[in-house]
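Please read the structure below before turning to the comments.
The values are calculated or read from the model by the stated rules, or taken from the named source; none is laboratory data. Remember, it's a predicted structure, so these values are computed and weren't measured experimentally. Quick reminder, even Gly has a Cβ in these numbers, built from the backbone with ideal geometry, and neighbours come from all protein chains shown. Please note that ligands, DNA and RNA were not included when accessible areas were found on the heavy atoms of the full protein model with its side chains. Shrake-Rupley method; radii C 1.70, N 1.55, O 1.52, S 1.80 Å.
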Amino acid sequence: MGSIPIDTTDGRTEILRRMLTIREFEETASDMFADGEIPGFVHLYIGEEAVGVGACSALEESDYITSTHRGHGHSIAKGLDPKLMMAELLGSVEGYNNGKGGSMHIADVDANMLGANGIVGAGPPMATGAALSASYRDADEVALGFLGDGAVAQGQVHEAINLAATWDLPAIYVVENNHFGEGTPVEDQHNVENLSETAEAYDIPGFTVDGMDVTAVYEAVAEARERALAGDGPTFIEAETYRYRGHFEGDPQAYRTDEDVSEWREERDPIDSFEERLLDRGDIDEDELQTMREEVVAEIEAAVDFARDAERPAPEDAYTDMFADPAPEIERFVGDLRADGRGGDSQ
Amino acid sequence: MTETETMTVREAIRAGLREEMERDEDVFIMGEDVAEYGGVLNVTEGLLEEFDERRVRDTPISEAGFTGAGVGAAATGTRPVVELMFSDFMGVAMEQISNQMAKMRYMFGGKTDMPITIRTTEGGGQGAASQHSGTPHTWIAHFPGLKAVAPGTPRAAKGLTKSAIRSDDPVFVFENKMIYEQDGPVPTDSEFTIPIGEANVEREGADVTVAATQRLVGESLEAAEELAGDVDLEVIDLRSLYPLDTDTITESVRKTGRLVVADESPLSYGTHAEVMARVVEDEFYSLDAPLQRVGVADTHIPFATELEDEVVPHTEDVVEAVRRVV
């Protein structure tokens, strides 16, 4: 999917549709996790939709992103198919990662989505690498690394930005400041008022934008993309946002109150405010909005149906996908496990 | 007969790098001091002049950052060769190595290649003390998703460097810095490679198999000369640590019935143990004597010459180990 023009009616309604799709996908995933249908850990993006959609809508299909624990939103914003995502959440072999990645690792390199990531701060170095690759191949491509506010404390993030800044790579780093690094408030983890001050150390532009406003994020990333393609190097964008759910599903959230959440949710919700804006502008009317919501619900229901019906992996699939050129060890040890007898010879 | 030229391990690796860069525009080198300086151990010397700063890139001193950048670059259409100056520094980059480089292909359901080569140096003997002398190749050989080679001759150094670069998998090339000056015949054919996962019998013998790596290949060959007429050693250069060529080792043990494993790494849980486990699994009934290992006695490499000499294994340690099995 190419960039979505926010200055057209169609573009704006598509941007709204994507934010609604993320929220519906995630509310559904939340219910399915609570019901025990999705195993493992699930980290939801609800409340932060404007950041992923604003940023990815300003990118071209050929641009790269790296993601975080909270990758569902980035994936949908980058144009990934909710059906294949839901199938991955259920561990189906038909999911994006053949059931080997799950929620925390959804990736589609064909869409230049280089993976959600279970390690805080691991994405930015890879985004730097994708930007290096783009620059090396002389391609008009940029790489955008999403990271959370907690990741700004990670050393490898700073190494990545320093490298990109030093080499003027076409990279964009978008910090989603959702105010908590896992269960600890952002102000207890950093000694600066705005995380965008980080940019000063690398002599690159740094901005703090309203991450609940999809337009603000879009414009900042579009500008950063232009700068990157002009050879002027990386940009560091902090998007102030808020996560409505816990760090993970099931998080008791003793670190905040329901009132804290509802203050953001009721007054600054990124979807409500963008809907209002589109209604005010006449881009969409109430009936069309209702139709869009129903379509999104139907799309996610279809994704769930697809995922539930999708093929399950066979046990022996656990041993595939390790290498391009296989190592004999894996067959050898799998043979041992199955006790089907090697005799006196390993091969 | 393949045409060969006598060159050192250092020159052989450099020739391998040069040939692969000439062959494939996607190949580039990055690391600390690799360009202008030519590498602190001079392996990449002259490559900046032969190519340019796009192909040979000096990085900031930030192993996690540039190793991670290598991972991102490898996943997006290029073929980076990353130099980690001393393998002890892998610790600094271990997150990108273990959780990203090693796992991406698997976690993505096989939907990405990871054509990255990590070149790094190992070995004691320079008085460089613990943080610049280690042989941590078993970290990598132990970790699923990574491949590791550790050549013991100039020929193997060139052939394996080239195979590592051509591989679509992450391959670590562990270069023992004490053999950079060692010379030997190296094929000049630019299509010459050595498959990853193939050991080589460097010397045929009837009495004892010595499976060795890196510097200890040459020292085991010296041990064979010392013992000649008394004990006939078969010396194998393992060359590839993962995958490991079980067949060549077991075939040799079937003939000799005796095995010494010589590898300059800590003795517990390492290369020695893996080689022996496979021999015991597959060739137990061919064994005529207990197995012996030559390595580092689970210490770090100390600074003072007397201490370093004590810890780092040499020819005489191989000779003694052989004496114990015959």
List the extent of the Cα atoms of the range A:1-78 along each of their three principal axes, largest first, rounded to whole Å. 42, 24, 18
Taking 2.2 N^0.38 Å as the expected size of a compact globular protein, what ratio does the Cα radius of gyration of the range A:119-188 give against it, to two decimals? 1.17
Straight-line reach from B:K158: which lysines have a Cα under 23 Å away, not including same-chain ones fewer than 8 places off? B:K147, B:K177
Which residue fluctuates most in the GNM of chain A (Cα springs below 10 Å): A:E263, A:E141, A:E182? A:E263
Cα→Cβ-extended label distance, 7 Å offset, between B:A206 and B:E181, nm: 3.8 nm
Picking from A:E226, A:E259, A:E24, which is most flexible by a Gaussian network model of chain A using Cα springs under 10 Å? A:E259
What size of dipole, in debye to the nearest 20, comes out for the protein assembly as shown about its Cα centre when the only charges are +1 on Lys and Arg C-beta atoms and -1 on Asp and Glu C-beta atoms? 1680 debye
Any chymotrypsin sites (Phe, Trp or Tyr not before Pro) in the range A:1-80 that lie in a DSSP loop and have at most 16 other Cβ atoms within 10 Å would be A:F41
To the nearest 10 Å², what's B:T209's accessible area with a 1.4 Å probe? 0 Å²
For the protein assembly as shown, what is the largest minus smallest coordinate of the Cα atoms on each principal axis, given in angstrom and ordered from greatest to least? 97, 56, 48
Among B:K103, B:K158, B:K111, whose mean-square fluctuation peaks in a Gaussian network model of chain B (Cα, cutoff 10 Å)? B:K111
The range B:221-326 - percent relative contact order, Cα under 8 Å, separation 6 or more: 29 percent
Using Cα-Cα distances under 8 Å and only pairs 6 or more residues apart, what relative contact order does chain A have, in percent? 21 percent
The long-range amide H neighbours of B:V294, using H built 1.01 Å from N in the peptide plane and a cut-off of under 5 Å, are B:V261, B:A262, B:D263
In the full protein assembly as shown, how much of A:H43 is accessible to a 1.4 Å probe, in Å² to the nearest 10? 10 Å²
In the protein assembly as shown, if the dipole is taken from +1 on Lys/Arg beta carbons and -1 on Asp/Glu beta carbons about the Cα centre, which of A:M292, B:G39, A:L163 is farthest to the positive end? B:G39
Restricting to DSSP loop positions (anything but H, G, I, E, B) with no more than 16 other Cβ atoms inside 10 Å of their own Cβ, which trypsin sites (Lys or Arg not before Pro) remain in the range A:61-142? A:R137
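Only sites in a loop by DSSP and with at most 14 other Cβ atoms within 10 Å count here; which GluC sites (Glu not before Pro) in the range B:203-278 make the cut?
Details: sites: B:E204, B:E219, B:E222, B:E225, B:E226, B:E234, B:E251, B:E264, B:E274; in loops: B:E204.
Of the GluC sites (Glu not before Pro), the ones in loops of the range B:203-278 whose Cβ has at most 14 other Cβ atoms within 10 Å are B:E204.
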I need to check one value: relative contact order of the range B:1-103, counting alpha carbon pairs closer than 8 Å and at least 6 residues apart, in percent. 27 percent
